[in-house]
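Right, one structure below, let's go through it.
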2 protein chains.
Amino acid sequence: MGMKTLGRHLVVEMYGVQSALLHDLSLAKRVLRESIEACKATFMGEHYTVFAGGGISGIVVIAESHISIHTWPEHGYAAVDIFTCGDQVDPWSAYEVFIKHYSPSRVNVTEIKRGIVEA
Amino acid sequence: MGMKTLGRHLVVEMYGVQSALLHDLSLAKRVLRESIEACKATFMGEHYTVFAGGGISGIVVIAESHISIHTWPEHGYAAVDIFTCGDQVDPWSAYEVFIKHYSPSRVNVTEIKRGIVEA
């Protein structure tokens with residue numbers, strides 16, 4: 001019996017992002033929504049938090065798992081997770097949306113296979 | 001100048017979990033809430049989805065990032081993410097809560113350092 005992978009999870013580290021972008025809640029909402037469309041995922045719910053000290057957390061739950069961003073404007077850094085399951089959704093299409101809008105000077109991405117099970 | 005890490009992210013793969021537990025929405029809510037308490041994180045919001053075909057998605061946003069679970073009862077598998085920032089919160093305390101309630105026969109955990117910046 002062969003094995004298959006249920007999901008793919010991109011762990012994205014964006015460095016060298018302009019601080020103003022990382023403070024911008026409406027941008028975060030637009031990027032998360034657009035990233036869902038880009039990878040053809042199905043929106044299920046969302047939650048956003050703006051921190052008094054600066055920084056935003058945004059998470060969208062999709063039928064195929066979740067996409068999230070947490071920003072640290074004081075460090076020009078954002079942590080992005082793009083976790084999708086199924087063969088119909090390509091997490092890299094969502095990734096491109098983040099890169100386009102945040103233009104990090106340096107980015108580190110690790111793709112993790114999630115759920116390696118019997119096919 | 002030295003470097004510091006903003007967050008720690010546990011990528012947890014739980015295999016061999018009883019199917020009934022992975023269908024149980026109230027259990028997922030209890031485990032997520034209890035895991036927040038265990039690691040002394042601050043609750044900000046949550047979202048749960050129950051899928052018609054079986055399986056649950058649950059995400060809690062915490063002031064220190066997020067904790068999530070996605071379950072595949074048909075495979076006895078759940079994907080858990082415990083992403084915390086700051087020195088006051090220990091993601092491994094939250095991890096223990098998941099293991100206690102779901103009793104996976106096999107578990108794989110990877111700890112990822114998130115946000116390596118100048119101190």
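The values are calculated or read from the model by the stated rules, or taken from the named source; none is laboratory data. Just so it is clear, the structure is predicted and the values come from calculations on it, not from any experiment. For neighbour counting, all protein chains shown are included, and Cβ atoms are generated from backbone atoms with ideal geometry for every residue, glycine included. Accessible surface areas use protein heavy atoms only, side chains included; no ligands, DNA or RNA. Shrake-Rupley method; radii C 1.70, N 1.55, O 1.52, S 1.80 Å.
Here is how the numbers come out for the structure above:
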read-out: Surface share of carbon and sulfur [accessible, 1.4 angstrom probe, percent] for the protein assembly as shown; value: 50
read-out: Global form of chain A, assessed from the alpha-carbon gyration tensor, a/c cut-off 1.5; value: prolate
read-out: With Cα atoms, 0 to 90° folded angle of helix A:25-38 axis to chain A main axis; value: 20
read-out: Interface area, A with B, accessible, probe 1.4 Å, both sides summed, Å² nearest 100; value: 2700
read-out: Charge sum, other residues only, whose C-beta stays under 9 Å from A:Thr84's C-beta, Lys/Arg counted +1 and Asp/Glu -1; value: -1
read-out: Nm distances between copies for A:Thr110, ranked from closest, using label points 7 Å along Cα→Cβ; value: 0.6
read-out: Interface residues in region A:63-92 - accessible area drops by 40 Å² or more relative to the isolated chain, probe 1.4 Å; value: A:His66, A:His70, A:Trp72, A:His75
read-out: Net charge dipole size for the protein assembly as shown [Lys, Arg +1 and Asp, Glu -1 on Cβ; Debye, nearest 20]; value: 40
read-out: Nearest-first distances (nm) between copies at A:Gly2, label 7 Å from Cα via Cβ; value: 5.0
read-out: Region B:35-79 versus region A:65-108: alpha-carbon centroid distance in Å; value: 20
read-out: The protein assembly as shown: C-alpha gyration tensor shape, a/c 1.5 cut-off, then a/b vs b/c; value: prolate
read-out: On Cα atoms only, tilt of B:91-102 relative to the major axis of chain B in degrees; value: 10
read-out: Accessible area of chain B divided out per residue, in Å², using a probe of 1.4 angstrom; value: 43
read-out: Inter-copy spacing of A:Arg30 label points, which lie 7 Å from Cα along Cα→Cβ, given in nm from shortest upward; value: 4.5
